Amino acid sequence: MIRIGYDGKRAVQNFTGLGNYSRYVIDAMQTYYPDERYCLYAPKPKENPQLTELLERSGGCTTVHYPRVALWKELNALWRIGGMRANLEEDRIDLFHGLSNELPLNIHRVRGMKSVVTIHDLIFMHLPHCYPAIDRAIYDCKSRYACRRADHIIAVSECTKRDIIRFYNIPESKISVIYQGCDSVFSKKVSLEEQERVRQRYKLPARYMLSVGSIEERKNTLVALQALNYLPDDLHLVLVGKYTPYTDKLIAYAAEAGLKHRLHICHGIPFADLPVIYQRADTFIYPSLYEGFGIPILEALNSCLPVVAATGSCLEEAGGPDSLYADPHDAETMAAAVRETLRPEVKQRMIEKGLNWASRFTLQQMAEQTMDCYREVLRL
């Protein structure tokens, strides 16, 4: 039996992004390798229905651990950086997997334990203007340390693997690319009654292109909005994502360009409502300047949507050869690609081929490749 420890902060505290990835990895491992033991280490508890459901499915092979000493309970952020070591030694962890670009600073001092880290992206190196200087320095320090200290690195895409080699001079042999899938809920057809409930709740327009993700500068959502100028008047843009100051920029542009009535922004959408919003859309647009992979693209493909995405990073890896790609700085070209997906025969072909492409990103393949990585590191 292998005892595997995970940095569980995101799995416990985050409901999207890195939280979803963390829970997806753990769910994959406990589903296909239930004889092993999986210990999540998190600085503090938080009510999380998705995690609760995951633990209930585990049959006891997955557990969550928090600081055990009063001092570390008070200084829980520091516990995650270094105080966790005592817990890992006490629990006799064989291998520790950092799920979000970082490892505890004293990870190499835990007796007899190996380590793996997942690197999602190094976007802050490509788009430094999108991050405060102090944040860039922290991200770089954590990622660089983790890449050098880990016994092995998992990259979420070939693009991220190339970045690790380029920026941190890590040998290619130390890096494995293991793709993530998306929640199976996106492949399930939602009833018409449920679709109508969600449509009314969020006042969704009859026809719209959809974009999902944090509404921030690097996501380049302004280009999707500008593309409306070249598209049919009855086609709207629905954005689902966290509100940021960049959102105000979009609202201001929409008002100036006479597009306010065609822009719909949805914040704080419960995960259960997301599949309906995907399934009612006409097409999916993802003009992000740079990504590590692009899970929303997989969600869209599994929801039977044609995809238009930006060139320049890894999005072709997620969308496959039959999605359409355009210059992220050219709204007219982006609109032309969207217009192509609205043609019935093109849309149907893209949906069929997109589903076929998405079928290769499964929970099982991720579990098998991750366990192979663990066993290689442990030399089992």
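How many residues does region 1-21 hold that are hydroxyl-bearing (Ser, Thr, Tyr) and at pLDDT 95 or above? Talk me through it step by step, then tell me what you get.
Looking only at region 1-21, we keep the residues that are hydroxyl-bearing (Ser, Thr, Tyr), and these are 6, 16, 21.
Now drop any that are not at pLDDT 95 or above, which leaves 6.
Residues flagged as hydroxyl-bearing (Ser, Thr, Tyr) and at pLDDT 95 or above within region 1-21 amount to 1.
Within the option set 161, 260, being modelled with pLDDT of 95 or more and closer than 30 Å to residue 149 by Cβ holds for one residue only, 161.
For region 47-83, a residue qualifies if it is under 20 Å from residue 104 (Cβ atoms) and either part of a loop (DSSP other than H, G, I, E, B) or within 21 Å of the chain's Cα centre (by Cα) (or both), and the qualifying residues are 66, 67, 68, 69, 75.
Please find, within region 54-95, the residue that is surrounded by the fewest Cβ atoms within 10 Å (Cβ to Cβ) out of those that are closer than 30 Å to residue 363 by Cβ and of a type in the set (S, T, N, Q).
Residues of region 54-95 that are closer than 30 Å to residue 363 by Cβ, as a first pass: 54-66, 80, 84, 87-88, 91-95.
Retained after the next criterion (residues that are of a type in the set (S, T, N, Q)): 58, 62-63, 87.
Working: 58: 17, 62: 25, 63: 13, 87: 20.
Here the answer is 63.
In the condition set (1) closer than 25 Å to residue 113 by Cβ; (2) surrounded by fewer than 14 Cβ atoms within 10 Å (Cβ to Cβ), residue 156 is compliant with all but (2).
Residue count for region 168-191 satisfying the condition of being surrounded by fewer than 16 Cβ atoms within 10 Å (Cβ to Cβ) and either in contact (Cβ under 8 Å) with a residue 40 or more places away in the chain or among the basic types (Lys, Arg) (or both): 5. Listed conditions (1) of a type in the set (Val, Ile, Thr); (2) in contact with a Phe, Trp or Tyr (Cβ under 9 Å, 6 or more places away or on another chain); (3) crowded, with 19+ Cβ neighbours inside 10 Å; (4) in contact (Cβ under 8 Å) with a residue 60 or more places away in the chain are all met by residue 269, apart from (3). Of all the numbered requirements in (1) under 18 Å from residue 220 (Cβ atoms); (2) part of a helix (DSSP H, G or I), residue 239 misses one, and that requirement is (2).
Restricting 231, 239, 192, 225 to residues that are of a type outside the set (Phe, Trp, Tyr), closer than 30 Å to residue 49 by Cα and modelled with pLDDT of 95 or more narrows the list to 239.
Listed residues 34, 43, 104; which is surrounded by fewer than 20 Cβ atoms within 10 Å (Cβ to Cβ) and at pLDDT 90 or above? Step through it out loud before you land on a result.
Working: 43 fails: surrounded by fewer than 20 Cβ atoms within 10 Å (Cβ to Cβ); 104 fails: surrounded by fewer than 20 Cβ atoms within 10 Å (Cβ to Cβ).
Only one candidate passes the filter, namely 34.
Scanning region 105-130 for residues that are closer than 20 Å to residue 370 by Cβ, part of a loop (DSSP other than H, G, I, E, B) and either touching a strand residue (DSSP E or B) at 6+ places or on another chain (Cβ under 8 Å) or of a type outside the set (D, E, K, R) (or both) returns 113, 120. Would you call residue 31 touching a helix residue (DSSP H, G or I) at 6+ places or on another chain (Cβ under 8 Å), among the polar types (S, T, N, Q) and over 24 Å from residue 299 (Cβ atoms)? For residue 31, the condition - touching a helix residue (DSSP H, G or I) at 6+ places or on another chain (Cβ under 8 Å), among the polar types (S, T, N, Q) and over 24 Å from residue 299 (Cβ atoms) - is not met. Is region 248-261 home to any residue that is under 18 Å from residue 201 (Cα atoms), surrounded by fewer than 20 Cβ atoms within 10 Å (Cβ to Cβ), without any contact (Cβ under 8 Å) to a residue 40 or more places away in the chain and of a type outside the set (S, T, N, Q)? Yes, some residue in region 248-261 is under 18 Å from residue 201 (Cα atoms), surrounded by fewer than 20 Cβ atoms within 10 Å (Cβ to Cβ), without any contact (Cβ under 8 Å) to a residue 40 or more places away in the chain and of a type outside the set (S, T, N, Q). So which residues in region 157-175 are under 24 Å from residue 319 (Cα atoms) and assigned to a loop (DSSP other than H, G, I, E, B)? Correct list: 157 only. Counting only residues that are in contact with a helix residue (DSSP H, G or I) (Cβ under 8 Å, 6 or more places away or on another chain) and among the charged types (D, E, K, R), region 42-72 holds 4 of them.
The values are calculated or read from the model by the stated rules, or taken from the named source; none is laboratory data. Keep in mind it's a predicted model, so treat the numbers as computed, not measured. All Cβ positions, glycine included, derive from the backbone under ideal geometry; neighbour counts span all protein chains shown.
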